[in-house]
1. Explain nothing, just the number: relative contact order of the chain, from Cα pairs under 8 Å at least 6 residues apart, as a whole percent.
2. Taking the chain as a Gaussian network, Cα atoms linked when under 10 Å apart, which of THR339, THR351, THR390 shows the biggest mean-square fluctuation?
3. Which whole-number percent is the relative contact order of region 262-413 (Cα, under 8 Å, 6+ apart)?
4. Could you tell me how many cubic angstrom of Cα convex hull volume region 78-152 has per residue?
5. Taking the alpha-carbon distance from LYS336 and a cut-off under 17 Å, which lysines remain once sequence neighbours fewer than 8 residues away in the same chain are dropped?
6. Please report, largest first and rounded to whole Å, the three semi-axes of the ellipsoid equivalent to region 148-216, where each semi-axis is the square root of five times an eigenvalue of the C-alpha gyration tensor.
7. Please work out the ratio of the alpha-carbon Rg of the chain to 2.2 N^0.38 Å and round it to two decimals.
8. Mind ranking TYR137, TYR71 by accessible surface for me, highest first, 1.4 Å probe?
Amino acid sequence: MTSRQQERRAVITGLGVVAPNGVGADAFWKATRQGVSVLDRISREGCVDLPLRIAGQVRDFDPRAVVDNRYLVQTDRFTHYAMAAADQAVADAGFTADPEQPYAVGVVTAAGSGGGEFGQGELQQLWGKGPQFVGPYQSIAWFYAASTGQISIRGGYKGPCAVVASDEAGGLDAIAHAARAVEQGTDAVVVGAAEAPLAPYSMVCQLGYPELSLADRPDRAYLPFSPDAAGFAPAEGGAMLLLEDEATARRRGAAVRAHIAGHGATFTGASRWAQSREGLAAAIRIALDRARIAAEEIDVVFADALGVPAADRAEALALADALGPYAERVPVTAPKSGTGRAYCGAPALDTAAAVLAMEDGVLPPTPNVTEVAHDLALVTDRARPAELRTALVLSRGLMGSNAALVLRRGEPS
């Protein structure tokens, strides 16, 4: 590593959120802090008669208010969410790209399923009317990389761009990828993930996941670490961040909201939850080592919290393996139990929540969970104040990816 790279440090200066419990970081955090559960029966057209009944839907979001029509007609709902959250993040950071330096800003997103709703509509046109009725944007709107491409085009960002396809854990891996780009010389990177899996075709595909909850009651659909855990409720939405080099951000007077301190990633195989114990513990150790901190310095853990007994047990044991006796004392929370699990968007939302929790000095609760079946200090019932300097965010994917991200609280300029 060069001395220039050693001097550069990736920090978060902007947050943007489109989530089932709120659009915008303020609305999202208010509901998260209050432990509001917004899981409900799926009302999306064509979805109401499927076995999957409960999910976290983004409501009160009008894409026409935030996305120009020329982009709207060529993109899927998952890209609408990402574009809106990206706009929020850039505005929150007070960042304006230099038109004379288009290669100084990059875009990185993660995606788990792409644009299923758009793709389904075009396939229906193909089989119902004929190939001449399939629109030209079918080739790009469904694609995993669509959000990265559209945010880049719309913002004029021609720096390092990428899409990370590493399962749900890609939401954290994308942030790490963006941080490395900043450390290597890129001025800023718009990064995050948003998903839109609540369309008929997408939902039928998800029915193949044995980890999916088919519960009929919203308050029983997603209960991670509980004796009654029986799978996860899916969700749509996600979060985008603006990452910058700390020194550059401070020179322009930007608020440093958090530092990207360390990241670790491993792979243990699809639905091999017992083995994920070892893989997740390894990812945590790597992240702590790269952050150069001890286990006791972690003030809160935002858990992966799959809601499957075997997976929950593996996560609790992974924390014990990586953090030692401290694992039974460190506060653990899973706000996603009130919003649903938005696949790649879930750890991006957890990262946003971790930043906001550190700023506010509050541990958000785990909605709907009242009894804990594992040796964890799970935050339930209500939020509580705490001095938070360091957060650990965890994520695992149904296909076997594991990731851990360490965040440090930002300091005022």
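The values are calculated or read from the model by the stated rules, or taken from the named source; none is laboratory data. This is a predicted model, so every value here is computed, not measured. Ligands, DNA and RNA are stripped out before the accessible areas are found, and what is left, the full protein with its side chains, is counted by its heavy atoms. Shrake-Rupley method; radii C 1.70, N 1.55, O 1.52, S 1.80 Å.
1. Working: 1104 pairs, mean separation 96.8, N = 413.
The value is 23 percent.
2. Of the options given, THR390 has the highest mean-square fluctuation.
3. 33
4. Numbers: hull volume 7.4 nm³, N = 75.
So the per-residue hull volume is 98 Å³.
5. Excluding near neighbours in sequence, the set is LYS30.
6. Values: eigenvalues 200, 43, 13 Å².
One finds semi-axes of 32, 15, 8 Å for region 148-216.
7. Values: Rg = 19.9 Å, N = 413, 2.2 N^0.38 = 21.7 Å.
Taking the Cα Rg and dividing by 2.2 N^0.38 Å, one obtains 0.92.
8. Working: TYR137 80, TYR71 20 Å².
Result of the area sort, largest leading: TYR137, TYR71.
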